[in-house]
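J.: Handing you this structure, nothing more for now.
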Amino acid sequence: MKDDDLKDPLTGCILSAAFEVANTLGHGFLESVYQKALAHELVLAGLPVEREKAFKIIYKGTEIGTYVADMIVDGRVVVELKAVEALGPAHTAQCLNYLKAGDVKVGLLINFGLPRIEYRRLVL
């Protein structure tokens, strides 16, 4: 983990849980498997988790769509999971859109698709 990630206890706890999941399961599973395992690990750590959190997109007072993030932890951190060969700009943009739609300031984009976990901490 990077030093900045350790300064925020909540993101540090989420990343520690993600590393535990990665070390236990390894790579190669579908994203949904990692989502369930990470949610379970976070609940074991005493953190409130909402899976498949829907955020309404409002344009000039009208709901025009919905984004569904993988999870939000403690109502403060959007967690978007991937199980891909590499994180790309589209993945980052997707997570940033969830932050904007949910009026959340911090997001974690976590990739379980490699032998070693890859993540990005995003802040609005």
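Here, each number is a calculation from the coordinates, and none is a lab measurement. Keep in mind the model is a prediction, meaning the values are calculated, not measured. Neighbour counts are summed over all protein chains in view; Cβ atoms, including those assigned to glycine, are modelled from backbone coordinates with ideal geometry.
J.: When you go through Thr62, Thr24, Thr66 one by one, which is the residue that is of a type in the set (Ser, Thr, Tyr) and closer than 16 Å to Glu118 by Cα? Don't jump to the end; show me each part of the working.
T.: On the way: Thr62 fails: closer than 16 Å to Glu118 by Cα; Thr66 fails: closer than 16 Å to Glu118 by Cα.
Just one listed residue meets the conditions, Thr24.
J.: Can you name every residue in region 54-70 that is farther than 22 Å from Glu31 by Cβ and in contact with a Ser or Thr (Cβ under 9 Å, 6 or more places away or on another chain)? Please lay out each step first, then the result.
T.: Initial filter on region 54-70 (farther than 22 Å from Glu31 by Cβ): 56-64.
Passing the criteria: Lys56, Ile57.
J.: I'd like to verify a number: residues in region 83-101 that are surrounded by fewer than 16 Cβ atoms within 10 Å (Cβ to Cβ), under 22 Å from Pro115 (Cβ atoms) and of a type in the set (Gly, Ala, Ser), how many?
T.: 2
J.: If you don't mind, there's one more thing I want to ask. Suppose we filter region 75-110 for residues that are outside any helix (DSSP H, G or I), among the aliphatic types (A, V, I, L, M) and farther than 17 Å from Glu52 by Cβ; how many remain? Give the derivation first.
T.: Taking region 75-110 as the starting set, the residues that turn out to be outside any helix (DSSP H, G or I) are 75-88, 103-110.
If we keep only those that are among the aliphatic types (A, V, I, L, M) as well, we get 77-79, 81, 83-84, 86-87, 104, 106, 108-110.
Subsequent filtering for residues that are farther than 17 Å from Glu52 by Cβ retains 84, 86-87, 106.
Qualifying residue count for the region: 4.
J.: Taking Ala18 as the residue in question, decide whether it is surrounded by 11 or more Cβ atoms within 10 Å (Cβ to Cβ), over 15 Å from Arg121 (Cα atoms) and of a type in the set (Gly, Ala, Ser). I'd like the intermediate steps shown before the answer.
T.: Working: surrounded by 11 or more Cβ atoms within 10 Å (Cβ to Cβ): yes; over 15 Å from Arg121 (Cα atoms): no; of a type in the set (Gly, Ala, Ser): yes.
It is false that Ala18 is surrounded by 11 or more Cβ atoms within 10 Å (Cβ to Cβ), over 15 Å from Arg121 (Cα atoms) and of a type in the set (Gly, Ala, Ser).
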